[in-house]
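Reviewing the structure listed below.
The values are calculated or read from the model by the stated rules, or taken from the named source; none is laboratory data. Here the structure is a predicted model, which is why all the values come from computation and not from measurement. Reconstructed Cβ throughout: ideal geometry from the backbone, glycine too, with neighbour counts over all protein chains shown.
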Amino acid sequence: MVLAELVQYVATGLLVGGVYALMSIGLALIFGVMRVVNFAQGDFMMLGMYLTYFYAMSGGVDPLLGAILTIPPFFVLGFIVHRGLLARVTGGGDPQRQMDAQLILTLGLSLVITNATTMILTPTPRGIRTTYATQAFALGPILLNQARSYAFAMALVLAAAVYVFLTRTDLGKALRAAADDPEAASYQGIDVRAMHGLAFGTGIALVAAAGGLLATYYPIEPSVAGNFIVLMFVAVVLGGLGSIPGAFVGGLVIGLVQSLTLLVLPFQLQNTGVFIVFLLVLYLRPQGLFGRRARTV
Amino acid sequence: MSFPPRTLVVVVALLLTAVAVVVPPAPAPAADDVKIALVAPLSGRWARQGQLKKMGAEMAIEEINGQGGIKALGGAKIVLREADAGDSVEKAVSAAQRVLTREKISAGIGSWLSSFTLGVTEVAERLQVPWLTLSYADSITERGFKYTFQTSPVSSLQAEQALELVTDLAKKNNRPIKKAAIVGDNTAATVFFFKPLREKLLAAKGIELVVDEVWTPPLADATAIVQKLRATQPDIVFYGATNFPDSIQVLQKVKEFSVKSPIQGVGAWLVTPEYVKTLGKEMLDSIQTVVATHPMKGQEEFVKKFMQRTGEPFMTQDPLCTYAHVWLIKEAIEQAKSADPKAIRDALAKIDLTSGPAASSFYPNRIKFDERGRRIGATPLIVQWQNGEPYTVVPAAVATRPIAFHK
């Protein structure tokens, strides 16, 4: 029975962590390629949730499919945001001033998106009713929530697709080259600015898809980003800043630690476990879990 | 990654600016308008409740102004000044500070979450502005404040009365309560509700507490909590998840794990329309909650008007209370014959209303405050979900539907 309970906690933690992982790799990609700390990442996730909700309400699209359908529009949105805003404060110039400007820009973007959504869509929480949100796959005594299981599986597929894209395609290799050494990459004829746009668009599309998957079981409201943004940053730093596999594992570790913490600590201290592990990792391995090749993708 | 001091300064400045824009610039009112402040969460995770409160306040103000304003002040109109309490005590306090110092405010209302109200009433007390609140926490009126008036029955009293009611109902239903669970967040009203249950009330009734799980919102996942409910099968779950996503996660898991224990909520957050949309009415049926007030028998016409006005499918405690608070302030101003906050405070301390829109919105229909600022005789209501709508079911005298027993 004790073993079954432990397995249930591990399974629950991994399922929760799967979506954290997908949320985090978008952030890691943006940081890895552009060195931009995107505070608005959670807000794009929230917009992804709303678009999935819109698909479900207007076209009866299942949110699992809806999550995938958020990818193209959010890629375009990310690309436009990069071109119109971020490109003005990245790529050249005094790095310190640029860092300031980027932080202010993404934080400002986050405030604008949250408040505009509150004004336009009202703060009323919305939810997509799916049958699988309240059903479970039973593996003996272990119950795996169906919505979370599907979300987990799709997060894995999307993360794998990103990995393959980065490592096996010419465009992916160009992106990594632009991340590793923008100057040398540009000598090789790689359009670094376009690569940054590609990275930002992909990062935003991934977090929007994660939002869509989250919407299968989590209510949607303009302030929903606040529940996840800190965990995203912890996952990215935990995994090694900018490392995609690192961010993925970081997300899984957070879900797992949140769940296993409950075996030893009361519920009120659920996130304490996460931050203890975070501090331990930073103390013992300051570059993060996958930090040997930190700041690369 | 390290942020140099300059970066931090810029970030902090930006955040402060963001807070500053939350209080909208005040349109110039006529000189004799009476200004009332509403400090409620209009952004962040409790924004929906703030929105509902605002609807109630606006409806009352429209009625009062439409009926000729405040007669004792020559027909002066009431003007609402809203300020966003956001999602933290610090933001709530700063919003109250801002709205109460930038112009003369006669009285204030807010701030829904007891934790916010505790902070906001300190500001009101210091600035000597009378403050009406629906928040439940006992400590709100335990600090010797002169300007705070609490119309709701306090949490500990609600706990006592709710336990009494549910044990009675359980006996009538031939399912006596032997095991109870406490599940909820650690916001102030919930904490004060759970504390007496945990410390004495349950034991006094010979009820064993089998699950006691409290979290800090937001909740990451409800599996562990609901797993415990499934393992122990309590006869009643006292439930206080004020944050909507947390509550949805718990209730979805309750269904997923086929937990059959009856759920007794603590507060009006459990009876908002979005629950039906997110969970479906079948799942909500017979979940009940104890609230400070809810539309009662005799208020049908008024509720219909509210629904037409706002497009909401039904009315709940939050708009109803705020509606009553605005009317109560109006009555106090009529009696004080002045818009001066101190005079209104004195009038509120002496007021004894048994009729009118304010009194008929609370049970029993009387508004008189004791020396601590608590409404004398305040009794909670039990509201139950039935076929996708929440109805007042206890006490029977004001019930809009008979109670349905848990199957």
> Of the residues B:Thr392, B:Thr310, which is assigned by TED's automatic domain parsing to the domain that holds B:Glu164 and at pLDDT 95 or above?
Replying inline: B:Thr392
> Hey, among the residues in the range A:212-224 that are out of contact with any Ser or Thr (no Cβ under 7 Å at 6 or more places or on another chain) and part of a helix (DSSP H, G or I), which one's nearest to the other protein chains (Cβ to nearest Cβ)?
Replying inline: A:Val224
> Quick one: how many residues across the range B:278-299 are over 10 Å from B:Pro390 (Cα atoms), in contact with a strand residue (DSSP E or B) (Cβ under 8 Å, 6 or more places away or on another chain) and within 14 Å of chain A (Cβ to nearest Cβ)?
Replying inline: 2
> Going through the range B:247-277 one residue at a time, which ones are of a type in the set (Gly, Ala, Ser) and away from chain A (no Cβ under 11 Å)?
Replying inline: B:Ser261, B:Gly265, B:Gly267, B:Ala268
> Just for strands (runs of 3 or more DSSP E) wholly inside the range B:220-297: which have at least 2 residues that are aromatic (Phe, Trp, Tyr) and in contact with a Leu (Cβ under 8 Å, 6 or more places away or on another chain)?
Replying inline: B:236-240
>> Consider the range B:217-226. How many of its residues are facing another protein chain (nearest Cβ under 7 Å), touching a Ser or Thr at 6+ places or on another chain (Cβ under 9 Å) and not hydrophobic (A, V, I, L, M, F, W, C)?
In response: 2
> So which residues in the range B:141-193 are hydrophobic (A, V, I, L, M, F, W, C) and either part of a loop (DSSP other than H, G, I, E, B) or free of Cβ contacts under 8 Å to residues at least 40 places away in the same chain (or both)?
Replying inline: B:Phe145, B:Val154, B:Ile177
> Looking only at the range A:46-97, which residues are more than 22 Å from the chain's Cα centre (by Cα), over 26 Å from A:Ser149 (Cβ atoms) and not aliphatic (A, V, I, L, M)?
Replying inline: A:Ser58, A:Gly84, A:Arg88, A:Gly91, A:Gly92, A:Gly93, A:Asp94, A:Pro95, A:Gln96, A:Arg97
> Which residue out of B:Gly240, B:Gly184 is under 30 Å from A:Leu231 (Cα atoms), in contact with a Gly (Cβ under 7 Å, 6 or more places away or on another chain) and away from chain A (no Cβ under 12 Å)?
Replying inline: B:Gly240
> Taking the condition part of a helix (DSSP H, G or I), among the aliphatic types (A, V, I, L, M) and buried (at least 16 other Cβ atoms within 10 Å of the Cβ), does B:Ala397 pass?
Replying inline: no
>> For the condition within 11 Å of chain B (Cβ to nearest Cβ), closer than 30 Å to B:Leu42 by Cβ and in contact (Cβ under 8 Å) with a residue 12 or more places away in the chain, what is the one hit in A:Leu85, A:Leu143, A:Leu111, A:Leu105?
In response: A:Leu105
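Conditions tested, residue by residue: (1) out of contact with any helix residue (DSSP H, G or I) (no Cβ under 8 Å at 6 or more places or on another chain); (2) closer than 19 Å to A:Val33 by Cβ; (3) surrounded by 16 or more Cβ atoms within 10 Å (Cβ to Cβ).
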position: A:Gly240; (1), (2), (3): no, yes, yes
position: A:Pro245; (1), (2), (3): no, yes, yes
position: A:Val253; (1), (2), (3): no, no, yes
position: A:Leu262; (1), (2), (3): no, no, yes
position: A:Pro266; (1), (2), (3): yes, no, no
position: A:Leu279; (1), (2), (3): yes, no, no
> Just wondering, is there one or more residues in the range A:187-208 that are without any contact (Cβ under 8 Å) to a residue 12 or more places away in the chain and of a type in the set (Asp, Glu)?
Replying inline: yes
> For the range B:110-125, what are the residues that are in a helix (DSSP H, G or I) and in contact with a helix residue (DSSP H, G or I) (Cβ under 9 Å, 6 or more places away or on another chain)?
Replying inline: B:Ser114, B:Ser115, B:Phe116, B:Thr117, B:Leu118, B:Gly119, B:Val120, B:Thr121, B:Glu122, B:Val123, B:Ala124
> How many residues are within 17 Å of the chain's Cα centre (by Cα) and either free of Cβ contacts under 8 Å to residues at least 40 places away in the same chain or assigned to a strand (DSSP E or B) (or both) if we restrict to the range B:360-383?
Replying inline: 5
> For the range B:79-104, which residues satisfy the criterion of being closer than 25 Å to B:Glu331 by Cβ, of a type in the set (A, V, I, L, M, F, W, C) and either surrounded by fewer than 24 Cβ atoms within 10 Å (Cβ to Cβ) or outside the structural domain of B:Arg345 (by TED's automatic domain parsing) (or both)?
Replying inline: B:Val79, B:Leu80
>> Whether any residue in the range B:100-109 is under 29 Å from B:Phe238 (Cβ atoms) and touching a residue at least 40 places away in the same chain (Cβ under 8 Å) is what I want to check.
In response: yes
> Within the range B:88-98, is even one residue in a loop (DSSP other than H, G, I, E, B), under 23 Å from B:Thr316 (Cβ atoms) and within 14 Å of chain A (Cβ to nearest Cβ)?
Replying inline: no
> Of the residues A:Leu51, A:Leu22, A:Leu3, which single one is more than 12 Å from chain B (Cβ to nearest Cβ) and free of Cβ contacts under 8 Å to residues at least 40 places away in the same chain?
Replying inline: A:Leu3
